[in-house]
Amino acid sequence: MADRVAYGSLPFKEQIAFFRNKRNVLTEAWTDVWEAEHDHAFMVAGANRIDLLVDLRAAVDKAIAEGTGLEAFRHDFDAIVAKYGWAYNGGRNWRTRVIYETNLRTSYAAGRYAQLQALKSVRPFWRYRHSDAVQHPRPMHLAWNGLVLAADDTWWATHYPPNGWGCQCTVEALNARDLKRLGKDGPDTAPPVDMQQVLVGKNGPHPRQVETPAGVDPGFGYAPGKSAFERGMPPVQVPPSRQLLVRFTQDTINKAAQLPALAGAELLGQLLARAGIAQVLDATFTAWHRWLIGIGLAGAASVPSNDLVVGSLDRDTVKALAAAGVVPGSAPIGAGDASVARASNGGVPGQVRDADAVLLDRASGQLLYVNTGVGGPATVVRVQLTKVPGAINTYVGTETVPGGSLSGRLASGELVLLQGEL
């Protein structure tokens, strides 16, 4: 819908939990609750009756949890105003947009903050992104577009978006490979923070002198969700097994990706044969799959990546590929958030590891790991082979096909049997 916020219109559980953890606070002016205090307090300037505030909060909660648009919120707002005879300041369209967008944007940003914190071990860099949808860009926000800093850089404490009324800037999580794709050897240097003294609310009942960073509207010089996260806001439950996997195997995976495919397959074959590693791969993928399904991909990073390890080509597959005239660039198989979320279930690593047959689709350059059903359809895990040394083969998706369809394509020469049998 055209009246929805440009980003964050699909609700997700961290966003909803952040908003619902707030307490109601009666106020006379917008300056009564300042910066990070908004992490813990719900207020609407001038709403100084608790029953009025409760109804306004319910309307905002509905907008966040159900993803309704601005016009639906305005309908609820009008009914509440009529019910209480509330004489609010400002025009109706302006006031409803401020309440609606500010709450949606800050709750979205806070939910994303919790997710980004949970991903720091695998995506330790954050990139500032300016929205092209903004009709009147702020010059400093444009200047920050593309800025990459460490997730723990103190600059984010005052510049994590939104950074003003109507600001649609966002933050994107990156890893070291993403930086290389951007032509960077490391994070950028944070711009200087120029704190300025500003008098706010001078026409209201409670004016106050505050400090705010240049380029950031007064009241927005904080990271939404940071104080809630630090005080124990339930973060994204990133499976501990994934953290273990990253710490225990990432160096080996990176080394294997730099080796010729056969040498990498032999190295990873030794790793995957170690007690517990296969179980960690299975548990990690399953938990990550469930988490991404739970958030509806609202928090998934937009930069394609293969951070999640699925498995590896084994040595026999690499040799069979060579016999078929195909030389893969490496042995590891990885998956990104989008492909994991599209998986029909969380069993992909096991389906790769225990496949009944491995086929090469000559037309697409994909490997098909086939698990045949007894008298039923077959499950096919598709992996896109890379021919680029140092790159990683990519899990594409899982599909279910009629049992006999693969045999027909095999007989026609479209597919090449590399291992096993159908």
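Once the Cβ-Cβ distance between residue 134 and residue 65 is put in as r, and R0 is 22 Å, what FRET efficiency do you end up with, to the nearest 0.05? Numbers along the way, then the final one.
Values: r = 26 Å, r/R0 = 1.18.
Step by step, r from the Cβ atoms, then E = 0.25.
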For this session: Name the residue, out of 17, 263, 79, whose mean-square fluctuation peaks in a Gaussian network model built on the chain with Cα pairs under 10 Å.
Result: 79
For this session: Could I have the simple spin-label model distance between residue 82 and residue 419, label points 7 Å from Cα toward Cβ, reported in nm to one decimal?
Result: 6.9 nm
For this session: Evaluate E = 1/(1 + (r/R0)^6) for residue 327 and residue 189, where r is the Cβ-Cβ distance and R0 equals 56 Å; express this FRET efficiency to the nearest 0.05.
Result: 0.85
For this session: Report the one residue of 43, 33, 121 whose Cα lies farthest in the direction of the positive end of the charge dipole of the stretch 1-138 (charges on C-beta: Lys and Arg +1, Asp and Glu -1; origin at the Cα centre).
Result: 121
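Grab the beta carbon distance between residue 198 and residue 400, set R0 = 45 Å, and tell me the FRET efficiency rounded to 0.05.
Values: r = 60 Å, r/R0 = 1.34.
E(calc), rounded to 0.05, equals 0.15.
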Seminar exercise, completed: Within the set 199, 313, 116, GNM on the chain using Cα springs under 10 Å gives the largest fluctuation to 199
Problem set entry | Intensity falloff of the stretch 13-230 expressed as log10 I(q)/I(0), Debye formula with alpha-carbon point scatterers, at q = 0.14 Å⁻¹ | -0.90
Exercise. So how tilted is helix 240-257 from the main axis of the chain? Cα-based, degrees 0 to 90, rounded to 10.
Worked result: 50 degrees
For this session: Name the most mobile residue of 221, 334, 201, meaning the one with the largest mean-square fluctuation, in a Gaussian network model of the chain with Cα contacts below 10 Å.
Result: 201
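Past 19 Å, Cα to Cα: identify those pairs from 22/83; 22/226; 180/319; 13/62; 184/226; 62/226, in the order given. It would help to have the intermediate numbers written out before the result.
Numbers: 22/83 24 Å; 22/226 14 Å; 180/319 31 Å; 13/62 13 Å; 184/226 27 Å; 62/226 24 Å.
Check vs 19 Å cut-off fails for 22/83; 180/319; 184/226; 62/226.
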For this session: Using only the Cα atoms of the chain, construct the convex hull and provide its projected area averaged over every direction, in square nanometres to one decimal.
Result: 23.7 nm²
For this session: Return the distance in nm (one decimal) between the two label points of a simple spin-label model at residue 209 and residue 165, each offset 7 Å from Cα along Cα→Cβ.
Result: 2.4 nm
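No lab work stands behind these numbers, since they all come straight from the coordinates. None of these values were measured; they are calculated from a predicted model. Using ideal geometry, Cβ is built from the backbone for each residue, glycine included, and neighbour counts are taken over all protein chains shown.
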